[in-house]
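Please read the structure below before turning to the comments.
The values are calculated or read from the model by the stated rules, or taken from the named source; none is laboratory data. Just so we're clear, the structure is a prediction, and the values are computed from it rather than from any experiment. Cβ coordinates were reconstructed from backbone atoms using ideal geometry, including for glycine residues, and neighbour counts include every protein chain displayed.
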Amino acid sequence: MSSPTAELKKILAAIDSRDEKTFAALVDLKPLMDVGYDEATDVLAENCAKFHELYPKDLFFKFGARILRFYNEKFRGVHLGLINKIIAAYFDGSFRDAKSFSATPIKFLAAELKNLLDAVHADFGEEKISGDSATLAVKMVGDNSEYGKMIDSLNFVLEFVKVDNEAKTLGDKISGKSDSTSGSWRLVKIKNVEELVEPILDIAETYWPSSWDLGIKL
């Protein structure tokens, strides 16, 4: 049986080669994003006052935790839809047609995603397997480029679930991959969202210019 580490290497290879079918077979993206979004919203709301002090020009934190939660819930579909469209533009290669953010926002952000991915590498850490679930520690480390220095290093703890031969995942069915290529572990969750919110928020506050209009039409 393959290991979560081996499956993550396949996932990273699929991302690097923009092999969307293999990626979909190995990553249960919807629950990963849904749970991550909700957990991140909780962290942002619980630390709203702190983040307002750190980033006083960011209106997102100005009106308090209750408004922040209301906003994130109201626009949940828009935000997750934006992420999905950026991922799709990366995999289908349309990021190559990116112009300015205002002219082609989705393609522009997908091109920036490509730049970020090119600037990091993964260091694999401890793997823990318990029955049909497993966790894997991974450090994403930036290189000496502008994008790599911005990322610096981020520590992820990823959760995988075992995929048996008789209960194939939706991603496997869509991709038509055999058991030997789809693997025996499927990535379903980022376990340490709470630890990642603050460093990723700091990156976003540095990266996202105030001149970029957040009202992206999907």
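Couple of notes before you dig in:
- In the range 60-69, the residues that are farther than 17 Å from I200 by Cα and surrounded by 12 or more Cβ atoms within 10 Å (Cβ to Cβ): K62, F63, G64, A65, I67, L68, R69
- Subset tally (residues that are among the basic types (K, R) and within 20 Å of the chain's Cα centre (by Cα)) for the range 121-142: 1
- Restricting D97, D152, D123 to residues that are touching a Gly at 6+ places or on another chain (Cβ under 9 Å) and among the acidic types (D, E) narrows the list to D152.
- Extreme residue, surrounded by the fewest Cβ atoms within 10 Å (Cβ to Cβ), among residues of the range 186-207 that are over 15 Å from V157 (Cβ atoms) and not hydroxyl-bearing (S, T, Y): A204
- When Y55 is tested against the conditions (1) surrounded by fewer than 16 Cβ atoms within 10 Å (Cβ to Cβ); (2) under 25 Å from E112 (Cβ atoms), the lone failure is (1).
- Annotation note: of K149, K139, the sole residue that is surrounded by fewer than 16 Cβ atoms within 10 Å (Cβ to Cβ), outside any loop (DSSP other than H, G, I, E, B), in contact with a Ser or Thr (Cβ under 7 Å, 6 or more places away or on another chain) and among the basic types (K, R) is K139.
- From the list A88, A103, the lone residue that is farther than 26 Å from K139 by Cα and exposed (fewer than 15 other Cβ atoms within 10 Å of the Cβ) is A103.
- Residue match in the range 27-40 (condition: at pLDDT 95 or above, closer than 22 Å to V163 by Cβ and among the small types (G, A, S)): yes
- Of all residues in the range 99-124, those satisfying the criterion of being within 21 Å of H79 (Cβ to Cβ) and among the hydroxyl-bearing types (S, T, Y) are S102, T104.
For every residue, the table says whether it meets (1) more than 23 Å from L113 (Cα to Cα); (2) touching a residue at least 24 places away in the same chain (Cβ under 8 Å); (3) in contact with a helix residue (DSSP H, G or I) (Cβ under 6 Å, 6 or more places away or on another chain); (4) part of a helix (DSSP H, G or I).
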position: D16; (1), (2), (3), (4): no, yes, no, yes
position: F23; (1), (2), (3), (4): no, yes, yes, yes
position: P31; (1), (2), (3), (4): no, yes, no, yes
position: G36; (1), (2), (3), (4): no, yes, yes, yes
position: A40; (1), (2), (3), (4): no, yes, yes, yes
position: V43; (1), (2), (3), (4): yes, yes, yes, yes
position: A49; (1), (2), (3), (4): yes, no, no, yes
position: I67; (1), (2), (3), (4): yes, no, no, yes
position: G77; (1), (2), (3), (4): no, no, no, yes
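- Of S94, S100, all but one fail to be among the hydroxyl-bearing types (S, T, Y), out of contact with any Pro (no Cβ under 6 Å at 6 or more places or on another chain) and modelled with pLDDT of 95 or more; the exception is S94.
- Residue among A45, A6, A89 that alone is touching a Lys or Arg at 6+ places or on another chain (Cβ under 6 Å), modelled with pLDDT of 95 or more, closer than 27 Å to V120 by Cβ and aliphatic (A, V, I, L, M): A89
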